[in-house]
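Novice: Below you'll find the structure I mean.
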2 protein chains.
Amino acid sequence: MHHLPDLAQFKKLLDKFDTFLFDCDGVLWRGNELIPGSKEFVDKIRKAGKDVIFVTNNASNSRNQYKQKFDQLGFKVDVDEIFSSAYASAVYLKYNLKFPSDKKVFVVGMSGLEEELDSEGIKRIGGTDPAYNKLAPHVNFKEIKQNLDKDVGAVIAGFDIMLNYTKLSYAHSYLTSPEHDVKFIFTNDDSTFPQACGVFPGSGAMSSPLAVSSKRTPIVVGKPNAPMLECILKKKQLKPERTLMIGDRLNTDIAFGQHGNVKTMLVLSGVCKKEDIIGEGIYPDYIAHSLGHIH
Amino acid sequence: MHHLPDLAQFKKLLDKFDTFLFDCDGVLWRGNELIPGSKEFVDKIRKAGKDVIFVTNNASNSRNQYKQKFDQLGFKVDVDEIFSSAYASAVYLKYNLKFPSDKKVFVVGMSGLEEELDSEGIKRIGGTDPAYNKLAPHVNFKEIKQNLDKDVGAVIAGFDIMLNYTKLSYAHSYLTSPEHDVKFIFTNDDSTFPQACGVFPGSGAMSSPLAVSSKRTPIVVGKPNAPMLECILKKKQLKPERTLMIGDRLNTDIAFGQHGNVKTMLVLSGVCKKEDIIGEGIYPDYIAHSLGHIH
């Protein structure tokens, strides 16, 4: 484990890696506040000819929606440099699971997830369609069974603030139908959804009814799980040994990099403190106070 | 393990037990169809001066609502003879957990659960109150934090067909508030909700987001867990050794009786077959084809 502020080996980093993967919150910014020096760090490695990729578990926004956050804080990024768990789920389904083009996804999620499925040309139902977003004291169970679409070949569940019993009942019916071979994907398994005023139930919590009722284990795409990094490495044709993952959370970002055999750097500008390393037993390759302390 | 149709020891049963606990579906009826001989069995043991109690995990109906099912099928029962997981949750909170009378319950559930809390004089908020039953693409997180009621001392989650993100966010906030000492109860943990046309997500599945997001373990009242039987024994002042639990499911009904050290009888008129006994490794004290085969 190298302490970068002490070694000041910024140039060695540039020699060792071609691609830098960044977690965003706690690394580039905290909430709506820029972390000093982060923008300059990204600029400097870009000028050195390096590739940058921004990795987020956020699945309620599309990459286009998420790019606005970068714009607001003055980062110049291209949509193709952003990998969200919603986008990665669409990519994983299409390329890694070779999802047939005539099949449809039943979406338990919001417009950001729908937009990413559309961007990969994947057909979809459910999601924000008003027919699936009703709150009523009576559910017509027979109608649900009769309405099942034989072309549904996957259920993808992400953060869904409009989650309701009807939508869950459709998803459950697809997942347990003996006639359908239905893939089962969670965009991520974050248990909480942090807001300025506190934390609330997250995507992994909200999707959990489907795993419980169907007795099936979903493929979880987002950090710290392996599928998202597999997608990035495959889609961007990266060499793991020339790639560095930078994040502020040991059990998501650093574990994520380690699952995919890329090198890792913990920055102390977010959630984790130095003491947590021994507590959690997850050892990054590099450690720095913040991006601003490195260059 | 005694096979009752062979032994025909109906009279011995009457000698050994004072109270008979019945699971309903699969024992007394299947869906809306009476199981032959079940009504006569109940009548006969009543005539012999025995007490009967009907035990159901159904938490969406109150006992008064559930009694209508008995009425329709011609069973004469008193509301006090019915123990649902909703009623048992109210009783457990009040008597076993000694819930203070000035505290309130935040309800994630339906009118049946509310009615049972009312019947025990327990104050409540949430539940079917329209303020907590909205489906909207935007949730005012700050407002939720500001609206928290300092008198809430428990969250009870049961089957809730109107479940939504706002209600879950309130419940999560109570469960994780450092200022409140909030008890956490699930009426039951049934993963599915059987309907005539198939199964759908059950109470345990629908409540699971709260356990995931709060990282807390609820007290689960309903079968096969111990609290419901503790309530019955306490409220009715029963002797476990003089009580028999009769059910059609090994992993709920029979396990339930065994957790509470009462004797158990499996009837084969419902879900489980004789072969399942070895498969599941749960051994009832008695086994019978159906209630009609015993007397």
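The values are calculated or read from the model by the stated rules, or taken from the named source; none is laboratory data. All values reported here derive from a predicted model rather than from experimental measurement. Backbone-built Cβ (ideal geometry, glycine too); neighbour counts: all protein chains shown.
Novice: Checking the condition within 18 Å of the chain's Cα centre (by Cα) and either assigned by TED's automatic domain parsing to the domain that holds residue B:27 or at pLDDT below 95 (or both), which residue from B:239, B:273, B:235, B:263 passes? Don't jump to the end; show me each part of the working.
Specialist: Working: B:239 fails: within 18 Å of the chain's Cα centre (by Cα); B:273 fails: within 18 Å of the chain's Cα centre (by Cα); B:263 fails: within 18 Å of the chain's Cα centre (by Cα).
Just one listed residue meets the conditions, B:235.
Novice: Name every residue in region A:204-227 that is in contact (Cβ under 8 Å) with a residue 12 or more places away in the chain and in contact with a Ser or Thr (Cβ under 6 Å, 6 or more places away or on another chain), in order of residue number.
Specialist: Residues satisfying the conditions are A:204, A:205, A:209, A:213, A:214, A:221, A:222, A:223, A:224.
Novice: Any residue in region B:265-287 that's under 18 Å from residue B:36 (Cα atoms): show its pairings with residues that are of a type in the set (Ser, Thr, Tyr) and in a loop (DSSP other than H, G, I, E, B) at Cβ separation under 6 Å, as long as the two are six or more apart or on different chains.
Specialist: Listed by first residue and then by second, the contacts come to B:267/B:290; B:269/B:290.
Novice: For region B:85-131: of the residues being in contact with a Ser or Thr (Cβ under 6 Å, 6 or more places away or on another chain) and in the same structural domain as residue B:156 (by TED's automatic domain parsing), which is farthest from residue B:253 (Cα to Cα)?
Specialist: Top of the filtered list is B:128.
Novice: Go over the candidates B:204, B:222 one by one and state the one that is within 8 Å of chain A (Cβ to nearest Cβ), within 13 Å of the chain's Cα centre (by Cα) and surrounded by 20 or more Cβ atoms within 10 Å (Cβ to Cβ). Talk me through it step by step, then tell me what you get.
Specialist: Values: B:222 fails: within 8 Å of chain A (Cβ to nearest Cβ).
Just one listed residue meets the conditions, B:204.
Novice: Taking the conditions exactly as written (farther than 27 Å from residue B:14 by Cβ, in the same structural domain as residue B:17 (by TED's automatic domain parsing), surrounded by fewer than 18 Cβ atoms within 10 Å (Cβ to Cβ) and at pLDDT 90 or above), does residue B:285 satisfy them or not?
Specialist: Judged against the criteria, residue B:285 is not a match.
Novice: For residue B:54, are the conditions met, namely being farther than 21 Å from residue B:272 by Cβ, surrounded by 20 or more Cβ atoms within 10 Å (Cβ to Cβ) and not aliphatic (A, V, I, L, M)?
Specialist: Working: farther than 21 Å from residue B:272 by Cβ: no; surrounded by 20 or more Cβ atoms within 10 Å (Cβ to Cβ): yes; not aliphatic (A, V, I, L, M): yes.
So residue B:54 fails the test.
Novice: Within region B:7-28, restricting attention to residues that are surrounded by 22 or more Cβ atoms within 10 Å (Cβ to Cβ) and under 16 Å from the mean Cα position of the chain (by Cα), which residue is farthest from residue B:53 (Cα to Cα)?
Specialist: Applying the filter and picking the extreme gives B:27.
Novice: Now for a different question. Answer with yes or no whether residue A:38 is closer than 30 Å to residue A:157 by Cβ, surrounded by 13 or more Cβ atoms within 10 Å (Cβ to Cβ) and of a type outside the set (D, E, K, R).
Specialist: No, not satisfied.
Novice: Right, another one. Out of (1) at negative phi; (2) more than 14 Å from every other protein chain (Cβ to nearest Cβ); (3) within 22 Å of the chain's Cα centre (by Cα); (4) not in a helix (DSSP H, G or I), what's the single condition that is false for residue A:255?
Specialist: Of the numbered conditions (1) at negative phi; (2) more than 14 Å from every other protein chain (Cβ to nearest Cβ); (3) within 22 Å of the chain's Cα centre (by Cα); (4) not in a helix (DSSP H, G or I), the odd one out for residue A:255 is (4).
Novice: Please report, ordered by residue number, the helices (runs of 4 or more DSSP H) entirely within region B:32-131 with at least 2 residues that are small (Gly, Ala, Ser).
Specialist: Details: elements: B:38-47, B:63-72, B:85-91, B:111-119.
Passing ranges, in order: B:85-91, B:111-119.
Novice: Okay, moving on. So, in region B:129-174, of the ones that are facing another protein chain (nearest Cβ under 10 Å), touching a strand residue (DSSP E or B) at 6+ places or on another chain (Cβ under 9 Å) and over 21 Å from residue B:201 (Cβ atoms), which residue ends up surrounded by the fewest Cβ atoms within 10 Å (Cβ to Cβ)?
Specialist: B:142
Novice: Among the residues of region B:114-128, write down those that are within 14 Å of another protein chain (Cβ to nearest Cβ) and either buried (at least 20 other Cβ atoms within 10 Å of the Cβ) or of a type in the set (Asp, Glu) (or both).
Specialist: Matches in region B:114-128: B:114, B:127.
Novice: When only residues in region A:49-62 that are at pLDDT 95 or above and on the phi < 0 side of the Ramachandran plot count, which is farthest from the chain's Cα centre (by Cα)?
Specialist: By that ranking, first place goes to A:50.
Novice: Tally up the residues in region A:73-89 that are free of Cβ contacts under 8 Å to residues at least 40 places away in the same chain and not hydroxyl-bearing (Ser, Thr, Tyr), please.
Specialist: Residues in region A:73-89 being free of Cβ contacts under 8 Å to residues at least 40 places away in the same chain and not hydroxyl-bearing (Ser, Thr, Tyr): 7 in total.
Novice: Then there's this: Taking the residues in region B:191-201 that are under 16 Å from the mean Cα position of the chain (by Cα) and either at the interface with chain A (Cβ under 9 Å from one of its Cβ atoms) or of a type in the set (Ser, Thr, Tyr) (or both) as candidates, determine which candidate is nearest to residue B:152 (Cα to Cα).
Specialist: Restricting attention to region B:191-201, the residues satisfying the condition of being under 16 Å from the mean Cα position of the chain (by Cα) are B:191-194.
Now drop any that are not either at the interface with chain A (Cβ under 9 Å from one of its Cβ atoms) or of a type in the set (Ser, Thr, Tyr) (or both), which leaves B:191-193.
Values: B:191: 27, B:192: 29, B:193: 29 Å.
Per the stated criteria, the residue is B:191.
Novice: Of the conditions (1) more than 8 Å from chain A (Cβ to nearest Cβ); (2) buried (at least 24 other Cβ atoms within 10 Å of the Cβ), residue B:111 satisfies every one except a single condition; which number is it?
Specialist: (2)
Novice: Within region A:93-100, is there a residue that is closer than 24 Å to residue A:193 by Cβ, in contact with a Phe, Trp or Tyr (Cβ under 6 Å, 6 or more places away or on another chain) and touching a residue at least 60 places away in the same chain (Cβ under 8 Å)? Spell out the reasoning first.
Specialist: Of region A:93-100, the ones closer than 24 Å to residue A:193 by Cβ are A:93.
Among the residues that remain, those that are also in contact with a Phe, Trp or Tyr (Cβ under 6 Å, 6 or more places away or on another chain) are: A:93.
The next check asks that each one be touching a residue at least 60 places away in the same chain (Cβ under 8 Å); those that pass are A:93.
Looking through region A:93-100, at least one residue is closer than 24 Å to residue A:193 by Cβ, in contact with a Phe, Trp or Tyr (Cβ under 6 Å, 6 or more places away or on another chain) and touching a residue at least 60 places away in the same chain (Cβ under 8 Å).
Novice: Now for a separate question. Quick check on region B:176-190: of everything there that is buried (at least 19 other Cβ atoms within 10 Å of the Cβ) and at the interface with chain A (Cβ under 10 Å from one of its Cβ atoms), which residue is nearest to residue B:271 (Cα to Cα)?
Specialist: Here the answer is B:190.
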